[in-house]
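The values are calculated or read from the model by the stated rules, or taken from the named source; none is laboratory data. Not measured: the values here are computed from a predicted model. Glycine also receives a Cβ, built like all others from the backbone with ideal geometry; neighbour counts cover every protein chain displayed. Please note that ligands, DNA and RNA were not included when accessible areas were found on the heavy atoms of the full protein model with its side chains. Shrake-Rupley method; radii C 1.70, N 1.55, O 1.52, S 1.80 Å.
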Amino acid sequence: MIPVCEPLLTGKELEYVTDCLKTNWISSAGKYIAEFEKGFAAYCGSKHGITTTSGTTALHLALAALGIGKGDEVIIPTLTMAACAFSVIYTGAKPVLVDSEPETWNMDVAQIERKITPRTKAIMPVHIYGHPCDMDPIMDIARKHHLYIVEDAAEAHGATYKGKMAGGMGEVGCFSFYANKIITTGEGGIMVTNDEKVADRARRFKDQAFSRERRFLHTDIGFNYRMTNIQAAIGLAQLESIDRFVEMRRRNAQLYNKLLKGVSGITLPKEKKWAKNVYWMYCIVVEDDFGMSRDDLMACLRQKGVDTRTFFIPMHVQPAFKNMGLFEGEHYPVSEQLARKGLYLPSGSGLTEEQIKSVCEAVMEAKKSKGK
Ligand SMILES: *Cc1c(COP(=O)(O)O)cnc(C)c1O
């Protein structure tokens, strides 16, 4: 089976982790935390990096550090990973949805403004599947309405918008280091920001909100979102390879594009002129004239030893939110279509040319077998 995604741990991961174990620095203090935070923030062009236990907790921490809470609203795309909506709900605020736009599958900028109310505090653009959002108009809207931007760049390490790094443009940018992301720490996340006050609050909140003056005195509700030095050791080694991983992902996507461009009935991923797509996942949309449904194609590929995944299920159809009375009667046609027709092919940085060729052959064979 060609897996959808596997991490590559071929750098100094083992050396750095061994160093943690040998020196007893296995918890959340230690030099790898400091070096990884500094290094990753610099990579994004940001002043501060605050590591967390996951991308989800990075999003929650960012919102909490910005003071978002009960009675507030945060605008997110409906086609995203549930962590976006969850993190908003953890703060007591309400997620408000917009549809995707059909080309890049990112949040449709044209729909944001009509969702703004006096309670709106932030917009959370998600750089979906590695393609950056069109940030200039989003930043204009945010400026005009005095809203924060919390970028969810969990799928977009190294992606750029007009030369600017994904995650480095909003008040805060959040990343995940789950094993299938562009770089990994096993589990883990980070938020980056240029705002010293926000960074300060985040550092305090992630560490149980201990008061600076008197330990074990708490003036705020804190969390334990501390990454371990061992995770940061893996992260630092991964960071040393990040440029190579991004290049590998882009090269894989180019080969996929070349081999699949003649196949009718599938839409390939875009890269807008202003964007550098890191192709976290190589996504295709199986159109109705392909000859078989997305689900049938996935079953067919599985039989041929090719692992795939569907696109996300939009937030407005999730029972968890329906049960809370959220998003009742809301419809987002573009996201609904994408969720029905989208899938991703094997996308790990370490895929070989041979593997990509056999994935593409499997797609074409599937089409031939049913499509006549
Ligand atoms: C992976 C991901 C997250 C969550 O990251 P975890 O580390 O798994 O908590 C959040 N948002 C998006 C868009 C993601 O892809």
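Points to keep in mind about this one:
- If the condition is being surrounded by fewer than 16 Cβ atoms within 10 Å (Cβ to Cβ) and within 16 Å of the ligand (Cβ to nearest atom), then the stretch 187-229 contributes only 224.
- Matching entry among 325, 348 (being assigned by TED's automatic domain parsing to the domain that holds residue 267 and in contact (Cβ under 8 Å) with a residue 40 or more places away in the chain): 348
- Counting only strands (runs of 3 or more DSSP E) that sit completely within the stretch 78-186, those holding 3 or more residues that are within 16 Å of the ligand (Cβ to nearest atom) correspond to 94-98, 148-152, 172-176.
- Residues located in the stretch 242-290, provided they are part of a helix (DSSP H, G or I) and hydrophobic (A, V, I, L, M, F, W, C): 242, 245, 246, 248, 253, 255, 259, 260, 290
- Of the criteria (1) within 28 Å of residue 71 (Cβ to Cβ); (2) at pLDDT 95 or above; (3) not β-branched (Val, Ile, Thr), which one residue 165 fails: (1)
- Scoring residue 179 on the criteria (1) within 17 Å of the chain's Cα centre (by Cα); (2) free of Cβ contacts under 8 Å to residues at least 24 places away in the same chain leaves a single failure, condition (2).
- Residues satisfying the stated conditions in the stretch 187-215, i.e. under 25 Å from the mean Cα position of the chain (by Cα) and more than 22 Å from residue 151 (Cα to Cα): 207
- Residues of the stretch 261-298 classified as within 26 Å of the chain's Cα centre (by Cα) and farther than 18 Å from residue 104 by Cα, total: 4
- For the stretch 317-372, a residue qualifies if it is loosely packed, with under 14 Cβ neighbours inside 10 Å, of a type outside the set (A, V, I, L, M, F, W, C) and within 24 Å of residue 115 (Cβ to Cβ), and the qualifying residues are 319, 322, 323, 325, 328, 329, 331, 333.
- Across the stretch 67-77, the qualifying residues are those that are surrounded by fewer than 24 Cβ atoms within 10 Å (Cβ to Cβ) and under 24 Å from residue 196 (Cβ atoms), and the one among them that is nearest to the ligand (Cβ to nearest atom) is 68.
- Evaluated against (1) surrounded by 14 or more Cβ atoms within 10 Å (Cβ to Cβ); (2) within 29 Å of residue 39 (Cβ to Cβ), residue 265 falls short on exactly one condition, (2).
- Meets criteria (more than 16 Å from the ligand (Cβ to nearest atom) and within 18 Å of residue 198 (Cα to Cα)) for residue 28: no
- When residues in the stretch 240-262 are screened for being at pLDDT 95 or above, out of contact with any Lys or Arg (no Cβ under 7 Å at 6 or more places or on another chain) and open to solvent by less than 80 Å² (accessible area, probe 1.4 Å), 13 of them pass.
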